Amino acid sequence: MDKVYKLTRDAAPLSFMLPARNTRRYPLLWFDEEAGYNRPLRYARNQKSPFEDEQDGNAILEPIIFENGFLSVPKTNPVLQEFLYYHPLNGKKFVEIDNEKDAQSQLDKISLEADALIEARSLSIEQMEMVCRGLFGKDPSTMTTSELKRDILVFAKQNPSGFLNAISDPQMKLYAKVQFFLDNKLLAFRNNQKEVYFNLDGNKKRMLSIPYGKDPVEIIASYLQSDEGLEILKMLDSYAE
């Protein structure tokens, strides 16, 4: 069948000449696993193979030129189609246009975005606050409901897979809890956020230290999952109710 190829760069030059034969400057080699060695490539329209070791001594070389970023190769030139298939720059400098594959990819992307937006719109206020704390690390009490909904919808649209993965991740719910404890002063940082203290009636003791360079919320969440931390998590949950 007729095939069309395009350069992978967004801003393609008006004219681009693809290396068409194996040279020291532009090695065009394809590793033949059965033979166990690299075979040099060379495009010659009057030959039946793109491999130099299968061509005769009358090879007529022709340039391969992309015009405005595209190259059309008719079905009557199968040797060039085969040459481009084996070319080392295939998938790097140029790709074959596959309309069906491209359409399916776009459809999958649109469907994923739609799923994320539907899921984002269905969140309750409590769930949106959890997402705000766990995903954005923000205190939702400082935002209006409209701002909260807007930020979540924008994130879901821009990063649908990340959003869907996050809202189904139990770890994010724990991060949201930790952020809630901090936002509502049940836990407090001291010493330039190097230490975390309880801030409860009758309990102002230090809970833990934050290792240098580590994320405080992640460290606190990890501690609350330990045997000792699980009891503390239950206690903090009781204060949060």
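For residue 235, are the conditions met, namely being out of contact with any strand residue (DSSP E or B) (no Cβ under 6 Å at 6 or more places or on another chain), under 30 Å from residue 114 (Cβ atoms) and not in a loop (DSSP other than H, G, I, E, B)? So residue 235 does not fit the description; no.
To keep it simple, each residue is scored yes or no on (1) in a loop (DSSP other than H, G, I, E, B); (2) surrounded by fewer than 15 Cβ atoms within 10 Å (Cβ to Cβ); (3) within 19 Å of the chain's Cα centre (by Cα).
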residue	(1), (2), (3)
83	no, no, no
92	yes, yes, yes
100	no, yes, no
103	no, yes, no
106	no, yes, yes
110	no, yes, yes
113	no, no, yes
118	no, yes, no
123	yes, no, no
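One residue stands out among those in the range 37-52 that are more than 16 Å from residue 23 (Cβ to Cβ) and of a type outside the set (Gly, Ala, Ser): the one that is modelled with the lowest pLDDT, which is 45. Among the residues of the range 22-43, is any under 34 Å from the mean Cα position of the chain (by Cα), in a loop (DSSP other than H, G, I, E, B), under 21 Å from residue 5 (Cβ atoms) and aromatic (Phe, Trp, Tyr)? Yes: the range 22-43 contains one or more residues that are under 34 Å from the mean Cα position of the chain (by Cα), in a loop (DSSP other than H, G, I, E, B), under 21 Å from residue 5 (Cβ atoms) and aromatic (Phe, Trp, Tyr). Among the residues of the range 5-36, those identified as hydrophobic (A, V, I, L, M, F, W, C) and loosely packed, with under 13 Cβ neighbours inside 10 Å are 11, 14, 17, 31, 35.
In the range 128-143, the qualifying residues are those that are in contact (Cβ under 8 Å) with a residue 12 or more places away in the chain and over 26 Å from the mean Cα position of the chain (by Cα), and the one that is surrounded by the fewest Cβ atoms within 10 Å (Cβ to Cβ) is 141.
Hey, among 204, 214, which residue is farther than 21 Å from residue 172 by Cα and loosely packed, with under 15 Cβ neighbours inside 10 Å? It would help to see each step written out before you state the result.
Numbers: 214 fails: farther than 21 Å from residue 172 by Cα.
When all the criteria are applied, what remains is 204.
In this structure, is residue 203 touching a residue at least 12 places away in the same chain (Cβ under 8 Å), of a type outside the set (Asp, Glu) and closer than 18 Å to residue 239 by Cα? Taking the combined requirement at face value, the residue does not satisfy it. Does the range 144-167 contain any residue that is within 24 Å of the chain's Cα centre (by Cα), assigned to a helix (DSSP H, G or I) and under 21 Å from residue 241 (Cα atoms)? Among the residues of the range 144-167, not one is within 24 Å of the chain's Cα centre (by Cα), assigned to a helix (DSSP H, G or I) and under 21 Å from residue 241 (Cα atoms), which makes the answer no. For the condition surrounded by 14 or more Cβ atoms within 10 Å (Cβ to Cβ), under 25 Å from residue 223 (Cα atoms) and out of contact with any Leu (no Cβ under 7 Å at 6 or more places or on another chain), residue 169 does not qualify.
Does at least one position in the range 173-192 carry a residue that is part of a strand (DSSP E or B), in the same structural domain as residue 222 (by TED's automatic domain parsing), in contact with a Ser or Thr (Cβ under 6 Å, 6 or more places away or on another chain) and free of Cβ contacts under 8 Å to residues at least 24 places away in the same chain?
Here is the first cut: in the range 173-192, the ones part of a strand (DSSP E or B) are 187-190.
Of the ones still in play, those that are also in the same structural domain as residue 222 (by TED's automatic domain parsing) are 187-190.
Subset that is in contact with a Ser or Thr (Cβ under 6 Å, 6 or more places away or on another chain): none.
Taking every residue of the range 173-192 in turn, none turns out to be part of a strand (DSSP E or B), in the same structural domain as residue 222 (by TED's automatic domain parsing), in contact with a Ser or Thr (Cβ under 6 Å, 6 or more places away or on another chain) and free of Cβ contacts under 8 Å to residues at least 24 places away in the same chain.
Applying a threshold of 7 Å to beta carbon distances and a minimum spacing of six or more residues, or different chains, the list of pairs starting in the range 147-161 at a residue that is assigned by TED's automatic domain parsing to the domain that holds residue 136 and ending at one that is β-branched (Val, Ile, Thr) reads 152/131. No other residue among 183, 201, 227 is over 29 Å from the mean Cα position of the chain (by Cα) and closer than 30 Å to residue 117 by Cα apart from 183.
The values are calculated or read from the model by the stated rules, or taken from the named source; none is laboratory data. Everything quoted here is computed from the prediction, not taken from an experiment. A quick note on method: Cβ atoms are made from the backbone with ideal geometry, for glycine too, and the neighbour counts reach across all protein chains shown.
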